[in-house]
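Structure record follows, encoded as structure tokens.
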Amino acid sequence: MCCKDEMQFDSELIRSILRKHRNAGDTNLISILQSAQEAYGYLSYELLLYIARRTGIRPAKIIGVATFYTQFRMKPVGKNLILLCQGTACHVNGSGAIEDAINAEIGVLEGEITEDGLFTYNNVACLGCCSLAPVMMINDETYGSLTPETTRQILKDIRGASQ
């Protein structure tokens with residue numbers, strides 16, 4: 001993580017989020033971060049430092065929580081966030097071939113955003129859907145028992161629906 005993030009944020013919006021959670025202290029840090037990410041799309045370094053200053057929670061604790069949980073994003077993402085499971089069941093059942101299909105279909109590698117801003121792709125350790133292996137999530141929808149062909153078709157359908 002770099003020392004300066006160029007994200008501009010509406011400080012009134014984050015103040016509103018912090019007011020909503022003010023009586024919980026640092027026991028509600030995950031809820032604060034979830035609300036902030038929902039409002040801004042991701043958690044910039046600048047935003048995390050602002051939350052630290054306003055709550056009195058040590059920046060190291062906030063950054064540690066934000067970087068530990070895979071639900072939190074530290075940089076902007078595309079309209080559709082693809083999470084590909086790389087857990088043991090998915091790996092054994094062909095997640096590598098699914099990753100190749102994703103890369104070929106959307107034209108970016110893990111962690112990158114497509115030029116049109118439509119997709120971001122990330123690997124995750126586990127989605128908890130082992131019986132559906134290999135599995136991916138796109139936004140809040142789970143796709144299981146994937147093959148390279150079904151994966152490419154899902155991505156084509158999403159791209160088509162977005163045009």
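Just a few scattered comments:
- Test: residue in region 59-71 that is in the same structural domain as Leu18 (by TED's automatic domain parsing), among the charged types (D, E, K, R) and either within 19 Å of Leu146 (Cβ to Cβ) or exposed (fewer than 14 other Cβ atoms within 10 Å of the Cβ) (or both): yes
- Residues (of a type outside the set (Val, Ile, Thr), within 18 Å of Leu155 (Cβ to Cβ) and more than 17 Å from the chain's Cα centre (by Cα)) located in region 81-98: Cys90, Gly94, Ser95, Gly96, Ala97
- Taking region 53-81 as the range and being free of Cβ contacts under 8 Å to residues at least 60 places away in the same chain, of a type in the set (A, V, I, L, M) and not in a helix (DSSP H, G or I) as the test, the residues that pass are Ile57, Val77, Leu81.
- Residue count for region 101-133 satisfying the condition of being over 19 Å from the mean Cα position of the chain (by Cα) and either of a type outside the set (D, E, K, R) or part of a strand (DSSP E or B) (or both): 6.
- Only one entry in Gly96, Gly160 is in a helix (DSSP H, G or I), more than 30 Å from Phe9 (Cα to Cα) and modelled with pLDDT under 95, namely Gly160.
- Pair list, Cβ < 7 Å and 6+ apart or interchain, from region 129-147 residues that are at positive phi to residues that are not β-branched (Val, Ile, Thr): Asn139/Asn80; Asn139/Leu81; Ser145/Leu132
The values are calculated or read from the model by the stated rules, or taken from the named source; none is laboratory data. Just so it is clear, the structure is predicted and the values come from calculations on it, not from any experiment. So basically every Cβ, Gly included, is an ideal-geometry build from the backbone, and we count neighbours across all protein chains shown.
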